[in-house]
1. Using protein chains only and a probe of 1.4 angstrom, how many square angstrom of Lys125 are accessible, to the nearest 10?
2. Give the lysines whose C-alpha is closer than 22 Å to that of Lys101, dropping any in the same chain fewer than 8 places away, or say none.
3. Around Phe71, with a cut-off of 15 angstrom between Cβ atoms, what is the net charge of the other residues, counting Lys and Arg +1 and Asp and Glu -1?
4. I need the shape label for region 30-156. Rule: rounded when a/c is under 1.5, else prolate if a/b > b/c, else oblate, with a, b, c from the alpha carbon gyration tensor.
5. Extension gain Glu110-Ser126, at 0.36 nm per residue separation less the Cα-Cα distance, in nm?
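The values are calculated or read from the model by the stated rules, or taken from the named source; none is laboratory data. Everything numeric in this text was worked out from a predicted model, so none of it was measured. Backbone-built Cβ (ideal geometry, glycine too); neighbour counts: all protein chains shown. Quick note on the areas: whole protein, heavy atoms, side chains included, nothing else; ligands and nucleic acids left out. Shrake-Rupley method; radii C 1.70, N 1.55, O 1.52, S 1.80 Å.
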Amino acid sequence: MDRRAFISTAVAATSLILFSNQAFSAEKFFTGLLPGVAIGGYDAVAYFSAGEAKPGDGAFVTNYENAEWRFASQENLDAFLAAPSQYAPQYGGYCAYAASKGALAKGDPEAWTIYEGKLYLNFSKSVRSIWQQDIPGHIEKANTNFPKLLETWPNVTEW
């Protein structure tokens, strides 16, 4: 591992430790960036339809799993209403890499990946680069760890 990769990994690990000790939202989806608003107000459908992180508009809103979801257009809102679980981020919008390491950290709507038709958020773009080095392996670990995390963190409700 070269020096730059080592430093990136060390920064990411430190961030995960610091943020994994914070109290998290009592909602099913992480809403810490904007209280009560999923994905920090970004349009969940736009990741799939436009291939970009696009802020939602307060005119196109719905509630799903105790969180407000915002969309950039009526068309995206309608798509979400037809199949919300298809568009909602995995692991409740928490950082997928952190979940693979047995921790909870906020998901950044600008640090995202679509893999096999599912949306994953990461803590930051540098953490996303680490996540992308072994997405299938990280997903396997996160799928095992995330339900356990929900049981042990008092401020995260049952999945």
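1. Per-residue accessible area (Lys125): approximately 110 Å².
2. The reachable lysines, counting only those whose Cα sits under 22 Å from Lys101, are Lys28, Lys118, Lys125, Lys141, Lys148.
3. Summing Lys/Arg as +1 and Asp/Glu as -1 gives -4.
4. Prolate, since a/c reaches 1.5 and a/b exceeds b/c.
5. Length difference between fully extended and current span is 4.6 nm.
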